[in-house]
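Here's the structure, in structure tokens; my notes come after.
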């Protein structure tokens, strides 16, 4: 614990002392900038609370926030918190269960990198549809894998690891395309807040289900169903999320 705290303090000091906000802070041009863009006035990002008020007026924000809520509820809050005790409930040793999470972490890096590559080349909505749908189906079948760990539990760890953070690149792309590059960081921050709310609710909810019903089966099925529902949101909506313009005067600081 103390080691983690010390490392966090070092990272905080390094960011405070040396991290810059913009390439111009180092007298450099932005990556990919052209000569014609030099000296051009760049739009500034909305302040956080005003950015939330603006984004909350759009259906697109709530779609992204709701689906990322489900993302958090099906990863950090559920699998990250409850997979090991769920395995132990089925007689799987704690060390082997922890090894499954380690395998997920390894394949997570590969899956997220590949997702970024795919996001540059394919429609992000369709990618998110498949990510959530496949994640949902894997969670629906997880109770059967736990009951018969020799038949697919290792495959589940590999598959789920590939899908764990794969939703992030296309979600960021849709946020950027919809709310503009200058506001992507602020709006995505609020979308990620929904992710953490989903994770916390799933951590509490799955634990409560285990306490009162005696196993995690229903928790996995509920989360799987939510993932399938999240997938459908990207199919029933329009083909492209339109660019949202900041209303005149909305980004201005109050007098």
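The values are calculated or read from the model by the stated rules, or taken from the named source; none is laboratory data. Keep in mind it's a predicted model, so treat the numbers as computed, not measured. Here Cβ is always computed from backbone atoms with ideal geometry, including for glycine, and neighbour counts include all displayed protein chains.
One table, with the values for the structure above:
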read-out	value
Test: residue in segment 203-221 that is under 18 Å from the mean Cα position of the chain (by Cα) and within 20 Å of residue 133 (Cα to Cα)	no
Matching residues in segment 14-39 - criterion: being over 19 Å from residue 185 (Cα atoms), surrounded by 10 or more Cβ atoms within 10 Å (Cβ to Cβ) and modelled with pLDDT of 75 or more	14, 28, 29
Residue list for segment 85-139, filter: over 15 Å from residue 160 (Cα atoms), more than 19 Å from the chain's Cα centre (by Cα), in contact (Cβ under 8 Å) with a residue 12 or more places away in the chain and not in a loop (DSSP other than H, G, I, E, B)	85, 86, 87, 89
Residue check, residue 85 modelled with pLDDT of 90 or more and surrounded by 10 or more Cβ atoms within 10 Å (Cβ to Cβ)	yes
